[in-house]
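Enquirer: The structure that follows is given in the form of structure tokens.
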Amino acid sequence: MGKAPKKRSMADKVRKTKTSTEIKNNPFEVKINRKKFDILGRKSKHDVGLPGVSRSKAINKRNHDKKDVYNLNEEEELTHYGQSLAEMEKFNDLVNSDDESEEKGLLSAELTASHFGGGGLLRKKSSGEQQEGEGSHRAKSRQELIEELIQKSKLEKRERQVQKEEAQELTEKLDQEWKNIQALMVKKTPKGECVEEEKPKLEQYDMMVRELGFEMKAQPSEKLKTPEELAREEREKLQKLEADRLRRMMGDEVRESSQSQIHMSADDLNDGFILDTDDKKTLSYQDGKWNIGEDSDEDKGEDEEEGQSGEEEDSEAEEEDKDGDAEEDEDEGEEEEEEEQEGSSEEEDGHSDLESEQESENEEEKQEDEKASVKPSLSKEEIRAQQEAAKAELPYTFTAPENYSDLKDLLHGHTPDNQRLIVARTQKSNHASLAVGNKLKLQKLFVFLLEYIGELATRSPPELTTIDKLIPELYTLCQMFPEAACKAMQSILGDAGHSTEEVLEVKGHVAFPALDMLIYLKVTALLFPTSDFRHPVTTPALLYISQALTKCPLRSLQDVTSGLVLCCLAVEYVSFSKRFLPELVNFLAGTLHLAVQDKTALGYTVVPPFRPSGKCSDLLVLSDSESCQSWSKKSLPLSATHRLELKNELDRDHHRLMCLSTCLDLVKRCCLLYKDLTSFACIFQPIRLLLSKHLSAHTLPKLLQ
């Protein structure tokens, strides 16, 4: 390998020809290094640089004579055994590989020598080869040698293929001979001695897996309906019932629907394929054949007998009928041809007779249902009775009342149950999701119901049963419109509070709340939460109760009854929050003080509105200690706050005992409620001692039971 001549760049030649002055004067060869700051007393040596000169010096420095040996340039030609590698790469006559053979991948000696031995022509010849070569006229070219190799490889492949075919024929011949010999060697066992192999028993897991495959799959449930959809369905149902009622009231006959409601299971496909008749066909498989043919033959026979009997009946009818004509005969002939065609089709399809019979039976059943659904015409008396019953029946749809008088007219003259039903149907017929203005109508209905409940409480006697029936409907409306309900109750409580303040300013005392206000306080506890720390409705209601227990003096047994009812409401308000009410504790202590007869040595202090002594301080003192024997414990009636009718002293003593029993029950509830407040229990201890002295030995246990 020779050394490549050194290449010199054009820039080096130009620099050598140019003088240093020309380089320095050329602006493209000079680079000026600018300074950011000028420093006095410092000389700069590199203000101006010559990058071209510096580059050429660096190149000359890197070009050493020792590394020229390893510098391979493009002008150098590489050889192998005296031949150029560039010419060897131009060799295009490749040996085509034959098809897959058993000796795939093996190379012959000549091919190996020609490719890996440096070339058959270029390697040194042996003495034998030299002699042969001398005898031959000329040496073979490379192309001729390659053709010879190809011919030899094809010849070898053909020989291998022939050997393979011969081996295959011998193998098949041996297999056939072995089969013949094997048939003689096999020993056949008789049928009686054959032992059936026991099937392996299934494991418990496999049995469970198979059972799960036959279990009923989960059925899809119906879609959950929205409140709007439910309200729409309720209104449509009520409208349909109202239309039926009006039709009956007008005397029109109402035909019952012929389609009777049939329970359909989830697996019922309702595809009309019914096999519930008596002529069910059972398919079975026996001796490799279906036994439906026998049944079908029997059915055909029965059909033919039925057809013959039908024809005989037709012939008899024709003989009896004297007005028959030739057209009817032609029609019968056509029908017979159609029956023959149907019979041929029945022979082709075994199920056609079943379908035709089922269709005829279904048509007969429909006709019977239609006949049964049509009722006979009613008489005038029955129609009149039906009209009266329809008039007495409650309508199913109502329009929402526009004012309070409309509501009173709507509910007037109806029983408590019917009044509740009217309000419920009015609410369903005018649901907020059915129309735009229904929301405002139902909000007004809530206000009207509150006013109506107050009026029922002021009646004599108060209709408490009707109030109890209407409260669930009031609760439903409150859940639908909580803001409107809150404002309505706030207005009622605000008016009651303002009136109480005005009376206190004028008279200095105020009477206990009437029955209507007590019911409003009870409704407040039912409609709104009482456990909140601060609530826009229940908090003012609790303050109103506390004010009444403090400012209202007790002047009669009716006042005591009203005060105890307020105490019951107060305990209900604080049962969850366990909020301490000193007004409640004071009123219960004062109520027990009213039962003490000797008030000379009390040992405790009485707080207003109670007095230590005086005219109204003995309201619960019994006139006769023996009246307890004829008294039985009962709950305190709410109607006693409206009007208390006591005919004699015995009735008064019984009512006093009822008030004492209620007060002691409230004391026990408060002790359980405020069990952490020890001072609360100490307040009632001296009062219990006084009661044990003034009441008989069997009276106090009867009150505390």
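Enquirer: Regarding the range 513-529, can at least one residue be identified that is farther than 23 Å from residue 475 by Cα and either open to solvent by less than 30 Å² (accessible area, probe 1.4 Å) or of a type in the set (Phe, Trp, Tyr) (or both)? Show your work before the answer.
Expert: Of all residues in the range 513-529, those farther than 23 Å from residue 475 by Cα come to 513.
Of the ones still in play, those that are also either open to solvent by less than 30 Å² (accessible area, probe 1.4 Å) or of a type in the set (Phe, Trp, Tyr) (or both) are 513.
Yes; the residues of the range 513-529 include at least one that is farther than 23 Å from residue 475 by Cα and either open to solvent by less than 30 Å² (accessible area, probe 1.4 Å) or of a type in the set (Phe, Trp, Tyr) (or both).
Enquirer: So which helices (runs of 4 or more DSSP H) are wholly in the range 1-69 and hold at least 3 residues that are among the polar types (S, T, N, Q) and at pLDDT 80 or above? If you could, list the steps in order and put the result at the bottom.
Expert: Values: elements: 10-17, 20-25, 51-62.
Answer list for the range 1-69: 51-62.
Enquirer: I'd like to check something: does the range 135-153 contain any residue that is at pLDDT below 60, open to solvent by less than 90 Å² (accessible area, probe 1.4 Å), assigned to a helix (DSSP H, G or I) and over 23 Å from residue 79 (Cβ atoms)?
Expert: Taking the range 135-153 as the starting set, the residues that turn out to be at pLDDT below 60 are 135-137.
Going one step further and asking which of them are open to solvent by less than 90 Å² (accessible area, probe 1.4 Å), we end up with 135-136.
Filter again for assigned to a helix (DSSP H, G or I), leaving 135.
With the extra rule that they be over 23 Å from residue 79 (Cβ atoms), the set shrinks to 135.
Scanning the range 135-153, I find at least one residue that is at pLDDT below 60, open to solvent by less than 90 Å² (accessible area, probe 1.4 Å), assigned to a helix (DSSP H, G or I) and over 23 Å from residue 79 (Cβ atoms), so the answer is yes.
Enquirer: So, one more: Do we have any residue at all in the range 564-575 that's outside any helix (DSSP H, G or I) and among the hydroxyl-bearing types (Ser, Thr, Tyr)? Steps first, answer last, please.
Expert: Taking the range 564-575 and keeping what is outside any helix (DSSP H, G or I), we get 574-575.
Now restrict to residues that are among the hydroxyl-bearing types (Ser, Thr, Tyr): 575.
Yes, some residue in the range 564-575 is outside any helix (DSSP H, G or I) and among the hydroxyl-bearing types (Ser, Thr, Tyr).
Enquirer: From the list 635, 625, 639, which one is open to solvent by 20 Å² or more (accessible area, probe 1.4 Å), in the same structural domain as residue 504 (by the TED database) and free of Cβ contacts under 8 Å to residues at least 60 places away in the same chain? Write out each step before concluding.
Expert: Working: 625 fails: free of Cβ contacts under 8 Å to residues at least 60 places away in the same chain; 639 fails: free of Cβ contacts under 8 Å to residues at least 60 places away in the same chain.
Matching residue, one of 635, 625, 639: 635.
Enquirer: Looking at 557, 569, can you tell me which residue is closer than 21 Å to residue 660 by Cβ, modelled with pLDDT of 95 or more and in contact with a Leu (Cβ under 8 Å, 6 or more places away or on another chain)? Steps first, please.
Expert: Values: 557 fails: modelled with pLDDT of 95 or more.
Of 557, 569, the one residue that is closer than 21 Å to residue 660 by Cβ, modelled with pLDDT of 95 or more and in contact with a Leu (Cβ under 8 Å, 6 or more places away or on another chain) is 569.
Enquirer: Can you tell which of 611, 643 is part of a loop (DSSP other than H, G, I, E, B), closer than 22 Å to residue 500 by Cβ and under 60 Å from the mean Cα position of the chain (by Cα)? Working first, answer last.
Expert: Details: 611 fails: under 60 Å from the mean Cα position of the chain (by Cα).
Testing whether each residue is part of a loop (DSSP other than H, G, I, E, B), closer than 22 Å to residue 500 by Cβ and under 60 Å from the mean Cα position of the chain (by Cα) leaves just 643.
Enquirer: What's the total number of residues in the range 646-673 that are basic (Lys, Arg), farther than 13 Å from residue 585 by Cα and in a helix (DSSP H, G or I)?
Expert: Residues meeting the conditions: 2.
Enquirer: Let me ask something else. Could you please tell me which pairs satisfy a Cβ distance under 7 Å, a separation of 6+ or placement on different chains, a first residue in the range 208-227 that is closer than 28 Å to residue 432 by Cβ and outside any loop (DSSP other than H, G, I, E, B), and a second residue that is open to solvent by 100 Å² or more (accessible area, probe 1.4 Å) and of a type outside the set (Lys, Arg)?
Expert: none
Enquirer: Still on this structure: Being under 26 Å from residue 516 (Cβ atoms), open to solvent by 10 Å² or more (accessible area, probe 1.4 Å) and part of a helix (DSSP H, G or I) narrows it down to one of 550, 591, 561, so name that one.
Expert: On the way: 591 fails: open to solvent by 10 Å² or more (accessible area, probe 1.4 Å); 561 fails: open to solvent by 10 Å² or more (accessible area, probe 1.4 Å).
Within the list 550, 591, 561, the selection yields 550.
Enquirer: Still on this structure, I have one more. Looking at (1) at pLDDT 85 or above; (2) farther than 22 Å from residue 571 by Cβ; (3) among the acidic types (Asp, Glu), which is the one condition that is false for residue 665?
Expert: Exception for residue 665: condition (2).
Enquirer: Looking for something within 33 Å of the chain's Cα centre (by Cα) and crowded, with 19+ Cβ neighbours inside 10 Å - is there at least one such residue anywhere in the range 447-460? Spell out how you get there, then give the answer.
Expert: Step one: of the range 447-460, the residues within 33 Å of the chain's Cα centre (by Cα) are none.
No, the conditions are met nowhere in the range 447-460.
Enquirer: Let me ask another. When residues of the range 532-545 are filtered for being open to solvent by 20 Å² or more (accessible area, probe 1.4 Å), more than 16 Å from residue 568 (Cβ to Cβ) and either in contact with a helix residue (DSSP H, G or I) (Cβ under 7 Å, 6 or more places away or on another chain) or in a helix (DSSP H, G or I) (or both), how many remain?
Expert: Residues meeting the conditions: 5.
Enquirer: Can we say residue 516 is among the charged types (D, E, K, R) and within 45 Å of the chain's Cα centre (by Cα)?
Expert: Details: among the charged types (D, E, K, R): yes; within 45 Å of the chain's Cα centre (by Cα): no.
For residue 516, the condition - among the charged types (D, E, K, R) and within 45 Å of the chain's Cα centre (by Cα) - is not met.
Enquirer: Determine, yes or no, whether residue 529 is without any contact (Cβ under 8 Å) to a residue 24 or more places away in the chain, part of a loop (DSSP other than H, G, I, E, B) and within 39 Å of the chain's Cα centre (by Cα).
Expert: Details: without any contact (Cβ under 8 Å) to a residue 24 or more places away in the chain: yes; part of a loop (DSSP other than H, G, I, E, B): yes; within 39 Å of the chain's Cα centre (by Cα): yes.
The answer is yes for residue 529.
Enquirer: Continuing with the same structure: Could you figure out which of (1) closer than 29 Å to residue 483 by Cβ; (2) in contact (Cβ under 8 Å) with a residue 24 or more places away in the chain; (3) surrounded by fewer than 16 Cβ atoms within 10 Å (Cβ to Cβ) isn't true of residue 422?
Expert: (3)
The values are calculated or read from the model by the stated rules, or taken from the named source; none is laboratory data. Remember, it's a predicted structure, so these values are computed and weren't measured experimentally. Ideal geometry is used to build each Cβ from the backbone, glycine not excepted, and the neighbour counts take in all protein chains shown. With ligands, DNA and RNA removed, areas are computed over all heavy atoms of the protein, side chains included. Shrake-Rupley method; radii C 1.70, N 1.55, O 1.52, S 1.80 Å.
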